[in-house]
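Shown next, in structure tokens, is the structure this report addresses.
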Amino acid sequence: MTLDIIGIGHLLYDIRCYVNDFPLPDKLAVIMGHLKFSAGGSAANSTVAASKLELKTGTIGKVGFDEYGWSVIQSLRTQNVNLDHALVDFQNPTGVSLITVNRKGIPQFVQMLGASEPICPEEIRPNYIEAARHLHMTGLNLEALVKAAEVAKNSDLTVSFDPGRKKSELGYKILKPVLENVDILFVNRKEARALLAFETDTPISNVMEKLKNKIGEDKIYIVKGGVEDILAYSPTAEFSVSTFKIKMRDTVGAGDTFNAGFLAEFLNGKSLRDAVVYGAACSAIKCTREGAQSSPSRSELEKFFEEHKSNIKFRNLR
């Protein structure tokens, strides 16, 4: 079976709670409602979101031989994510994220990676990747990412990479064996600066010029903005796109959902601008809902876009 997108990264069990304000040391924060449970992990979040947008998706990841792992697998199955390359660790427990979300929709995380890392290079089956159109990678042990990216590029797949907080802090030199086989790099402003060990006040335009110089001018760079404009850089265009104004409920998985919306349009042959806008719309809808995998269907996305497209602002960066 040919898949449109394969994601590789952590498979996690998310335990979420919602509070008015984050707890201070030796203070109590009262949970609003009940604890919430769902599947998580950045690559899984993106493949679920892409599946809801009518793409055929699969994931490479590892769970433990336990109740949490079974729950994650069953959840992904119900979202039509192919799990022919799901791995089981019989020694370690399924990874868990403990997530607290405040009334502004901002999350705090405590995480145990457990069985989700490492994935050994020899555990990756090349034939599973070779049959896909695109490989999307997220923060995982470097050996696995290097192997997966090499297989993908040797098979003429396009490759995207969202390194996330921790992997970005390793810097571009350590990540170079991965980055050299990447076509699309997704980062936010903090991660872009971290890749180059730049100060937090370094203008993002300076950061991106340096990053393109170090990693390659021939790639697509997407700088996700949160509430700030999204920045897009390619060999033929550089522009910013305004984000949609919505009431935040939960930003967990917002970046992963953006990636899925972007890749869905990109793989359907749409323009870079269309891909960025649809990614932003997809992420905005998710932020009005609870949970990392509460992304919209294709019909919900199209309806939202039609209602809000007049508010979109583009600005050329060069």
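Bear in mind these aren't lab numbers, they're just calculated from the coordinates by the rules spelled out. All figures in this text were calculated on a predicted structure; none of them were measured in a lab. With ideal geometry, Cβ positions are generated from the backbone for all residues, glycine too; neighbour counts draw on all protein chains shown.
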Just going by the charge dipole of the chain, with Lys and Arg at +1 and Asp and Glu at -1 on Cβ, which of 69, 254, 160 is farthest out on the positive end? 254
Quick check on the chain: of the DSSP beta bridges with both residues there, what percent are antiparallel, nearest 5%? 40
Name the shape class, rounded, prolate or oblate, that the alpha-carbon gyration tensor gives for segment 22-105, where a ≥ b ≥ c are the square roots of its eigenvalues, rounded holds for a/c under 1.5, and otherwise prolate holds if a/b is larger than b/c and oblate otherwise. oblate
Highest GNM mean-square fluctuation, the chain, Cα pairs closer than 10 Å: which of 308, 134, 34? 34
Applying the gyration tensor rule to the Cα atoms of the chain (axes a ≥ b ≥ c; rounded if a/c under 1.5, else prolate if a/b exceeds b/c, else oblate), the class is rounded
Among the lysines, which have Cα under 19 Å from the Cα of residue 190 when same-chain residues fewer than 8 positions away are ignored? 166, 167, 173, 176, 210, 212, 214, 224
Here the percent of antiparallel bridges among DSSP beta bridges lying wholly in segment 35-172, to the nearest 5, is 35
Set of aspartates and glutamates near residue 153 by C-alpha distance (under 16 Å), chain-local residues within fewer than 8 positions excluded: 4, 130, 143, 180, 183, 218
For segment 114-126, Karplus couplings with θ = phi - 60° (6.51, -1.76, 1.60), whole Hz, Gly/Pro x: x, 5, 5, 8, x, 9, 6, x, 6, 7, 7, 8, x
Summing Lys, Arg as +1 and Asp, Glu as -1, what charge do residues with Cβ under 11 Å from the Cβ of residue 41 carry, residue 41 excluded? -2
Report the charge-dipole magnitude of the chain in Debye, nearest 20, computed about the Cα centre from +1 at each Lys and Arg Cβ and -1 at each Asp and Glu Cβ. 860
Go through 263, 182, 8 and say which Cα lies farthest out towards the positive end of the charge dipole of segment 3-316; charges sit on Cβ, +1 for Lys and Arg, -1 for Asp and Glu. 263
Among 250, 201, 21, which one shows the highest mean-square fluctuation when the chain is modelled as a Gaussian network with alpha-carbon springs under 10 Å? 201
Expected sort for 17, 287 with the fewest Cβ neighbours (10 Å cutoff) up front is 17, 287
